[in-house]
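Notes follow the structure.
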Amino acid sequence: AANIFLRHVAIDCEPAWVSFNKAIPATVVGWVLVLMGMSQGRRMMPPRELLRTLIGLAIFVQIAGNIAFQWSLAQVGLALAVPLGFGMIIVSGAILGRIWLSEPITGRSAISILVLIAAVGILSVGAAPDQKAVLSESVAKPAIVLGVIAACSAGFAYAVNTTYIRAMALGAMPVATTLMVISTVGVVVHGLITAVQIGWTGVTATTLEQWGAMYGAGISNAVAFFSLGYALQRISVLHVNILNASQVAMAAIAGVLIFGEKPSMAMYVGCGLTALGMILIQARKKDSALERLEEEEAEAVHTHVEPAKPTARVSHSVASAE
């Protein structure tokens with residue numbers, strides 16, 4: 001839903017201005033949750049060394065991720081930008097999760113990744129000719145190439161962001177705090193860029209329809225961002241990214257139904273492979289990181305010691321990555 005709203009303002013609005021407004025709802029929700037936690041006596045603010053790292057990460061994600069993705073929408077369209085971005089998210093997320101968090105890539109997971117990459121490739125190939133036809137009159141070929149690069153850059157930035165949130169979600173920092181800092185940095189960074197690029201004149205030129213689209217994107221993004229954050233407390237980066245890849249097919253369908261992007265056999269095959277990849281990743285075996293945490297909690301109960309990371313508890317009914 002956020003991507004559909006963003007597509008509405010991709011051509012007529014400055015990317016930083018769109019990203020500024022999109023970040024506001026998530027920032028408000030994040031601060032409310034953090035202040036509520038503080039009022040209950042919980043430690044919500046991160047240590048200084050973690051805060052510096054998180055701010056640096058947030059700046060990278062906002063520029064290489066959000067602004068790059070918003071700009072790519074205007075160059076290559078929804079049906080191409082989202083598959084390209086998500087292909088990069090899936091591959092980068094699997095590699096980063098393995099290196100950073102020691103999350104395993106099993107045979108079944110690898111097959112699921114390959115199926116989804118095939119789906120992304122088919123969706124991209126199917127969308128490319130139609131996007132070229134739609135954009136050829138207004139967008140030069142170099143801009144299309146740069147749009148593809150920007151979409152891939154956004155995917156990598158989002159993969160880094162997701163992996164970091166997962167690392168923090170396992171006990172180093174409350175999820176609400178991580179998301180609040182990232183969103184707040186987004187408001188500041190995009191606000192400064194907007195002030196330089198379009199100033200007050202550009203802000204006042206925003207139409208009511210554009211305001212509606214930007215805040216529709218912002219509200220949808222806040223729901224998605226916090227859902228993602230809390231999902232990362234319970235399942236691995238790879239599992240989250242593969243399930244989240246359902247939006248690739250959703251974006252392709254939305255591009256056809258809402259923006260007049262022509263359907264094709266490639267779109268239907270790509271959507272089918274996306275569904276198959278999501279089915280393959282489902283497993284009954286629990287995430288090993290969470291198994292260790294639950295073992296620590298069980299041992300703490302017997303020894304009457306406070307468990308190290310109680311915030312990462314998970315219901316046995318939640319299916320996790322292998």
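Quote the convex hull volume per residue of the stretch 173-225, based on C-alpha atoms, as a whole number of Å³. Please list the in-between numbers first.
Values: hull volume 3.7 nm³, N = 53.
Hull volume over Cα atoms, normalised by residue count, gives 69 Å³.
Give me the 1.4 Å probe accessible area per residue for the stretch 28-101, excluding ligands and nucleic acids, in Å². Please report the intermediate quantities before stating the final value.
Working: 3430 Å² over 74 residues.
So the stretch 28-101 comes to 46 Å² accessible per residue, rounded to a whole number.
Rounded to the nearest 0.05, what FRET efficiency do Ser102 and Met38 give with R0 = 41 Å and r taken as the Cβ-Cβ distance? Could you check? The partial results should precede the final answer.
Working: r = 32 Å, r/R0 = 0.79.
The formula returns an efficiency of 0.80 here.
Rounded to the nearest whole Å², what accessible area per residue is found for the stretch 152-282 with the 1.4 Å probe? Show your work: numbers first, answer last.
Numbers: 5110 Å² over 131 residues.
Averaged over the residues of the stretch 152-282, the accessible area is 39 Å².
As a test of reading the structure, rank Trp31, Trp200 by solvent-accessible area (1.4 Å probe, protein chains only), most first.
Numbers: Trp31 95, Trp200 190 Å².
Listed by decreasing accessible area, they come as Trp200, Trp31.
Which whole number in µm²/s is D for the stretch 136-200 by Stokes-Einstein, with the Kirkwood Rh taken over Cα pairs at 20 °C and 1.002 mPa s? Before the final figure, lay out each step's value.
Values: Rh = 14.6 Å.
Approximately 147 µm²/s, per Stokes-Einstein.
How would the stretch 1-116 be classified by its alpha-carbon gyration tensor: rounded, prolate or oblate, with rounded meaning a/c under 1.5 and the a/b versus b/c comparison settling the rest?
Numbers: a/c = 2.17, a/b = 1.11, b/c = 1.96.
Oblate.
Averaging sequence separations of C-alpha pairs under 8 Å and six or more residues apart, then dividing by the length of the stretch 1-104, give the relative contact order as a whole percent.
Numbers: 34 pairs, mean separation 40.9, N = 104.
Relative contact order comes out at 39 percent.
I'd like the distance separating the alpha-carbon centroids of the stretch 153-169 and the stretch 222-265, in whole Å.
The two parts, judged by their Cα centres, are 15 Å apart.
What do you reckon, how do Arg166, Arg7, Arg234 stack up by accessible area (1.4 Å probe), largest on top? Working shown, then result.
Numbers: Arg166 0, Arg7 35, Arg234 80 Å².
Most to least solvent-accessible, the answer reads Arg234, Arg7, Arg166.
The values are calculated or read from the model by the stated rules, or taken from the named source; none is laboratory data. Keep in mind the model is a prediction, meaning the values are calculated, not measured. Cβ coordinates were reconstructed from backbone atoms using ideal geometry, including for glycine residues, and neighbour counts include every protein chain displayed. All accessible areas refer to the heavy atoms of the entire protein, side chains included, with ligands and DNA or RNA removed. Shrake-Rupley method; radii C 1.70, N 1.55, O 1.52, S 1.80 Å.
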